[in-house]
Ligand code: ZN
Ligand code: ZN
């Protein structure tokens, strides 16, 4: 077992604090990674505060990991010491089901192993995430960070990026399509960049008039204030795709009404019941599709990094000292981040 240092929550109401813990022994297919940067995702807060009632404490969050390879097992073929690599939301899966066989490990029929708060499939230990100096991961769940990509702003691509890229690709967004992006946080701002890079005409939907200028800065062609009935009426039946990144309950009906016939509304943020209820007629009369999507598989996670390198796409980040992680959580809860915090892991040494 290797000693690791990190930041953990010991209980739902304790702040994150330094922790020493043991990483599992490397296996023949494992890559050992020294972590340089780790993005901070809203999911991290949900786990640290046990919002979903499934957290095993202590929890070391973090699933937007960028680092360098320090050792490889005897079976590793794709990585060597010194490579810059990434690890996203999962570190293992059954590898044999039909989902895994097609590179869609996030939909593993036996359940993927999450990067933190997951259960290791071999020894039953609990996985610890990237708010740490090191991590050990099977090479199948490691991706290469292209040289052209800035490693700091690459970190959030591993969750926020792939979460928005995957559905846009799966549903075939292409040049000339009209895409609406609902929400303009970590996910939304990446969704805008990808939809633009795919050639779409992109509209950001925001609830507040005061955010229109910011939405334009994100690169949107148009902005619709969703609380303005007149603007929503003008947007009716004109969109091919709607990328919905909102993580809290919201009325889907006005947005469905913005889709053209055969249009698709993709949920990537909402994990609870839809409320107020859906008017099924909004789907039936126009053959519209309401869909959901979860991160992306390992081949597609590599693809999105390469796509970002080729198109000069980066995430807008604010780098933080890990000693300020609790303050960062408070700011995120208030929506006060443009658009993703990334922890500089060098600061862990001083913690
Ligand atoms: Zn995440
Ligand atoms: Zn599987």
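Nothing in this text is a laboratory measurement; each read-out follows from the coordinates by a stated rule. Nothing here was measured: the structure is a model prediction, and the numbers come from that model. Heads up, the Cβs are rebuilt from the backbone with ideal geometry, glycines too, and the neighbour counts pull from every protein chain shown.
Points worth noting:
- Within segment 120-141: backbone nitrogen closer than 12 Å to the residue 331 label point (7 Å, Cα to C-beta): none
- Projected-area average for the chain over all orientations - Cα convex hull basis, square nanometres: 17.1 nm²
- Segment 266-325 and segment 220-251 have Cα centres spaced 16 Å apart.
- The peptide list 132-138, 244-250, put in order of mean Cβ contacts within 10 Å with the highest first, becomes 132-138, 244-250.
- Tilt relative to the chain, helix 186-197 - C-alpha long axis, 0 to 90 degrees, to 10: 70 degrees
- Estimated FRET transfer efficiency when R0 is 45 angstrom, pair residue 96-residue 11 (beta carbons, to 0.05): 0.75
- Sites residue 234 and residue 350 - FRET efficiency at Förster radius 56 Å, r taken between beta-carbons, to 0.05: 0.55
- Percent of alpha-carbon pairs separated by more than 14 Å within segment 306-351: 56 percent
- Length gained on full extension, residue 29 to residue 174, computed as 0.36 nm times the residue gap minus the Cα-Cα distance: 48.4 nm.
- Point-to-point label distance, residue 119-residue 323, nm (Cα→Cβ direction, 7 Å offset): 3.9 nm
- Stretch gain in nm, segment residue 107-residue 77, where the contour uses 0.36 nm per residue and the Cα spacing is subtracted: 8.3 nm
- Spin-label model distance (nm) - residue 249 vs residue 261, 7 Å beyond Cα toward Cβ: 3.4 nm
- Simple label model, 7 Å out from Cα along Cβ direction - residue 286 to residue 150, nm: 3.9 nm
- 123, 92, 228, 36 arranged by Cβ crowding within 10 Å, fewest neighbours leading: 123, 228, 36, 92
- Here's the picture: a label point sits 7 Å out from the Cα of residue 54 along the beta-carbon direction, and within segment 276-313 the residues with their amide nitrogen under 14 Å of it are 294-295.
- For the chain, the mean residue ellipticity at 222 nm estimated from helices alone is -6000 deg cm²/dmol, where every DSSP H run of n ≥ 4 contributes -39500 (n - 2.57) and the total is divided by all residues, rounded to the nearest 500.
- Reciprocal of mean inverse Cα separation for segment 161-292 (Kirkwood radius, Å): 14.4 Å
- Protection proxy ranking for 61-74, 230-243, using the average of other Cβ atoms within 10 Å per residue and placing the highest first: 61-74, 230-243.
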